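I have placed the structure first, in the form of structure tokens, so that the comments after it can refer back to it.
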Amino acid sequence: MAKTDAAAAADAEGDAGESVLGYEQARDELIEVVRRLEAGGTTLEESLALWERGEELSKVCRHWLEGARARLDAALAADSPAAEGPQD
């Protein structure tokens, strides 16, 4: 069964009880993390922390996108002729 947006958002909540990030917030923060990693000039520890945060943000984005995909698939299935039943 596909997750709802609420379920995806609940999964996106951090272990420390952080507020739930929306897709756009997570995407924007992920962009900043990647920019900082690509710019270099950080210590190994900082780079590892950034990479780990990027992985978390990537999961948040993936959950939101999977939820959106499931909603689109459900809407398309409901609109298909096969879902309406036989037409006599």
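The values are calculated or read from the model by the stated rules, or taken from the named source; none is laboratory data. This one's a predicted model, so the numbers in the text were calculated from it and none came from an experiment. Quick reminder, even Gly has a Cβ in these numbers, built from the backbone with ideal geometry, and neighbours come from all protein chains shown. What goes into the accessible areas is simple: the full protein's heavy atoms, side chains included, and nothing from ligands, DNA or RNA. Shrake-Rupley method; radii C 1.70, N 1.55, O 1.52, S 1.80 Å.
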**Q.** Test for residue 47: is it of a type in the set (S, T, N, Q) and at pLDDT below 95
**A.** no
Q. From the list 38, 66, which one is free of Cβ contacts under 8 Å to residues at least 60 places away in the same chain and either in a helix (DSSP H, G or I) or open to solvent by less than 40 Å² (accessible area, probe 1.4 Å) (or both)?
A. 38
